[in-house]
Amino acid sequence: MHAVRAYKVIEIGLGCYLNMTCFSILLYADDIVLLAPSVHLLQLLLHTCEDELSSLDMRLNNKKSVCIRIGPCYKADCCSLVTSDNCELLWCNSIRYLGVYMTSSAVITCSFSNS
């Protein structure tokens, strides 16, 4: 997603904020992380980002896209996120973003076992 178009996420007010700064979407080249306080808001954020990607003639890679939960309910079962082309995104115990492995837990945790 082009950084200039990331304002759409702020416009709709979805995702995570810290000191009134939006941290809903982290972008580096073609790597994107979406952050939201609930699964429902994450689904809305996902569709918003897919719409923006589509307007740039880009698509989400469903095979490389996964979800992870962090917070007090990280072990609770929840509904699957579904992309605009009806692909379910998998819930995982860890993800890798820019070489850093984050694990599902009650607080943000990084794993260095793969280093």
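Quick note: the coordinates plus some simple rules give every number you see, no bench work behind them. These figures come from a predicted structure and were not determined experimentally. Please note: Cβ atoms are built from the backbone with ideal geometry, for glycine as well, and neighbour counts cover all protein chains shown.
Kirkwood-based Rg over Rh for the chain (C-alpha set), two decimals? Provide the component values of the computation, followed by the final result.
Values: Rg = 14.0 Å, Rh = 14.9 Å.
Radius of gyration relative to Kirkwood radius: 0.94.
Note the full-extension length gain between ILE12 and LYS75 as 0.36 nm times their separation in residues minus their Cα-Cα distance, in nm to one decimal.
Between ILE12 and LYS75, full extension yields an extra 19.8 nm.
Of ILE95, CYS22, HIS40, whose Cα points farthest to the positive end of the dipole of the chain (charges on the beta-carbon: +1 Lys, Arg; -1 Asp, Glu; origin at the Cα centre)?
ILE95
Can you tell me the relative contact order of the chain? Whole percent, Cα pairs under 8 Å, sequence separation 6 or more. The partial results should precede the final answer.
Working: 157 pairs, mean separation 21.3, N = 115.
After rounding, I find 19 percent.
In deg cm²/dmol, rounded to 500, what helix-only [θ] at 222 nm does the chain give when every DSSP H run of at least 4 residues adds -39500 (n - 2.57) and the total is split over its residues? Could you put the intermediate results ahead of the total?
Details: 2 runs with 23 residues, N = 115.
The per-residue figure over the chain is -6000 deg cm²/dmol.
If you place +1 on the Cβ of every Lys and Arg, -1 on the Cβ of every Asp and Glu, and leave all else neutral, what size is the dipole of the chain about its Cα centre, to the nearest 20 Debye? Don't skip to the end; give the middle numbers.
Numbers: 8 positive and 10 negative charges, 72 e Å.
Dipole about the Cα centre, nearest 20: 340 debye.
Compute the acute angle (0 to 90°) between the alpha-carbon long axis of helix 39-55 and the principal axis of greatest extent of the alpha-carbon atoms of the chain; round to the nearest 10°.
Result, in degrees: 40.
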